[in-house]
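Everything below concerns the one structure shown next.
The values are calculated or read from the model by the stated rules, or taken from the named source; none is laboratory data. Because the structure is a prediction, the values reported are computed rather than measured. Counting neighbours? That spans all protein chains shown, and the Cβs are built from the backbone with ideal geometry, glycine included.
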């Protein structure tokens, strides 16, 4: 082999090593950027999920408060009816108690 051929092979090998090293550096940079982008996307997704969770919890609390108010309102009417019924029988109950105490 001639000296020129040896030099060309040596230069080709050096060029290949440089290209391989540059590709390795570029690949590391691409991986680093992908990881950074992935972390940013993950954080954004977490923030969005947290926001949706807070909104859902607020809506659920509002619905629960409205339902509790409705239940209390419904039960207030029932309580009034029960009190009215009890008051209408109060005189009879008192008379029965007095009768039992006097007759004992």
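What pairs come up if the first residue lies in region 32-57 and is at positive phi and surrounded by 10 or more Cβ atoms within 10 Å (Cβ to Cβ), the second is part of a helix (DSSP H, G or I) and modelled with pLDDT of 95 or more, and their beta carbons are under 6 Å apart, counting only those six or more places apart or on different chains?
none
What about residue 30, is it at pLDDT below 95 and assigned to a helix (DSSP H, G or I)? Give the steps one after another, and end with the answer.
Values: at pLDDT below 95: no; assigned to a helix (DSSP H, G or I): yes.
For residue 30, the condition - at pLDDT below 95 and assigned to a helix (DSSP H, G or I) - is not met.
Kindly indicate the residue of region 1-27 that is part of a helix (DSSP H, G or I) and exposed (fewer than 10 other Cβ atoms within 10 Å of the Cβ) and also modelled with the lowest pLDDT among those meeting that condition.
Taking the candidates together, the pick is 5.
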